[in-house]
Amino acid sequence: MQEFLKSYLNKLDLTTILENLLTKVISLLILFVLFYIAKKLLHGTVKKIVKPSLKFSNRDAGRQKTISRMLENVFNYILYFFLVYCILSILGLPVSSLLAGAGIAGVAIGMGAQGFLTDVINGFFILFERQLDVGDEVVITNGPITVSGKVVSVGIRTTQLRGEDQALHFVPNRNITVVSNFSRKEEN
């Protein structure tokens, strides 16, 4: 057993291992710095370009906040996807094989993730139909469950309300069946 360990340690090239490890650590650090810069640039772009351009539209302030937050969320999801993809590539994992396996697993998970997909689809309808915007006073009803408060955030998966007791309520969009919006005036 000792001879086996000695021969194994003699064949082991620590210099190459340390070089590879150092290269990967430096690559990961550069990736995280680039990710941080890209995230700041995207948020700055939304603040400096998208938000002012929304002011020229005929949308009210709540709708402008809703659209800008939705864009920031979409950009964040895309950035994090690329971050994970690059990390896996740097670590030497076969990303294409993982994506193919993820596709197969995605079908199986999709069966169990019907609630999530329903949240996303309902979220898009809530946003595009302008049922509620950030800052609106609303009552959201789903059967016997009623949640009321001021809309803090409208996302593609959840809607956040700040209740009168200052509690922050996270309502999955699939649970929103009736919206009573007290901040809206009659629209033609």
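Which residues, counting only those in the range 155-174, are at pLDDT 85 or above and either part of a strand (DSSP E or B) or surrounded by 14 or more Cβ atoms within 10 Å (Cβ to Cβ) (or both)?
Initial filter on the range 155-174 (at pLDDT 85 or above): 158-174.
The answer is THR158, THR159, GLN160, LEU161, ARG162, LEU168, HIS169, PHE170, VAL171, PRO172, ASN173, ARG174.
Give all pairs with beta carbons closer than 8 Å in which a residue from the range 165-185 that is of a type in the set (Phe, Trp, Tyr) meets a residue that is in a strand (DSSP E or B) and open to solvent by less than 70 Å² (accessible area, probe 1.4 Å); count only pairs at least 6 apart in sequence or on separate chains.
PHE170/THR158; PHE170/THR159; PHE170/GLN160; PHE182/VAL138; PHE182/VAL139
From GLY106, GLY101, grab the single residue that is in a helix (DSSP H, G or I), under 28 Å from THR158 (Cβ atoms), without any contact (Cβ under 8 Å) to a residue 12 or more places away in the chain and not assigned by the TED database to the domain that holds LEU22.
GLY106
Output the residue which, of all residues in the range 104-154 that are in contact with a strand residue (DSSP E or B) (Cβ under 8 Å, 6 or more places away or on another chain) and among the hydroxyl-bearing types (Ser, Thr, Tyr), is most open to solvent (accessible area, probe 1.4 Å).
Among those residues, the one meeting the criterion is THR146.
Look through the range 44-70, keep the residues that are open to solvent by 50 Å² or more (accessible area, probe 1.4 Å) and under 21 Å from VAL120 (Cβ atoms), and return whichever of them is modelled with the highest pLDDT.
Step by step, filter the range 44-70, then rank; the result is ARG69.
The values are calculated or read from the model by the stated rules, or taken from the named source; none is laboratory data. All values reported here derive from a predicted model rather than from experimental measurement. Methodologically, a virtual Cβ is constructed for each residue, glycine included, from the backbone with ideal geometry; neighbour enumeration extends over all protein chains shown. Ligands, DNA and RNA are excluded from the accessible area calculation, which covers all protein heavy atoms including side chains. Shrake-Rupley method; radii C 1.70, N 1.55, O 1.52, S 1.80 Å.
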